[in-house]
Amino acid sequence: MRSATYLSVLLLFSITTAFGQQEISYDSTTDVHRFTFRGQQYDYRTDNQNNSYRTVGIKGSPFLFADWQSGTLPTHKGNALRFPLNYNMVEDYVVVSVDSVEKIIYPESFRIGDRLFVRLKNQYYEALYSGISTKLLRRYNARLDKVERNGYNENVSYDYEYFKSEDLFLQEPEGSIISVKLNERNLLSKLPDAKIASEIIKNHNLNLRSEQDVVALLTKLEM
């Protein structure tokens, strides 16, 4: 894969090596990763010497997928290059495996299976619907929280845990991205043609708590 394909990726994207703490074990049943961590300063509370190592347990992952996914990256010529990909929800970047070396990239778009992800206003969204004037987008988020011991969780075997969430957005014709909820009242308040949308919902018995029905509504609004 080196040679032409590898050089194409280097030309297409700003690539840097993906660094991280070294993972020493992973328990798939509990989804707990264990990493080596180097102490940089002396900590009197833990008696942690400078440059010493300790193990940190983290439940979950900052990535959208548990494993590498077969994905594609577009080229300027309209072709697509296939690589193992994943998406980091915390730091908002794509990681690609090139000749077994992990690289961080920031493509304008990428695909994993039939799912399209696009970069808008320096953030990645999954494009659930891409119409002529309106887009329905999903934004993935994750944060890493320290486990606070409170007497009820003393047996927890990890130190930190990733918490993940999803939010829906509409991209309006002029390009602004607004947050929406899966309910009729909220969505109608965000659509420019609320009266027409209400008629479509009634005539086609749409339930706007369903993403599929929201996509159906947006599609019919553009007919």
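Read-outs throughout are calculated quantities, based only on the coordinates presented, and are distinct from any laboratory measurement. Treat the numbers as computed from the prediction; the structure is a model and nothing was measured. A quick note on method: Cβ atoms are made from the backbone with ideal geometry, for glycine too, and the neighbour counts reach across all protein chains shown.
Brief remarks on what is shown
- Reachable lysines, given that their alpha-carbon falls under 25 Å from the alpha-carbon of K181 and they are not under 8 places away in the same chain: K121, K135, K164, K190, K195, K202, K220
- What separates the Cα centres of the range 74-134 and the range 135-199 is a distance of 20 Å.
- Sorting the segments 188-195, 78-85 by their mean number of nearby beta carbons within 10 angstrom, highest to lowest, gives 78-85, 188-195.
- Here each label is just a point 7 Å from Cα along the line to Cβ, and for D167 and R209 those points are 2.3 nm apart.
- Compactness check for the range 76-215: Cα Rg over 2.2 N^0.38 Å is 1.35.
- Radius 13 Å from Cβ of Y162, net charge of other residues (Lys, Arg +1; Asp, Glu -1): -1
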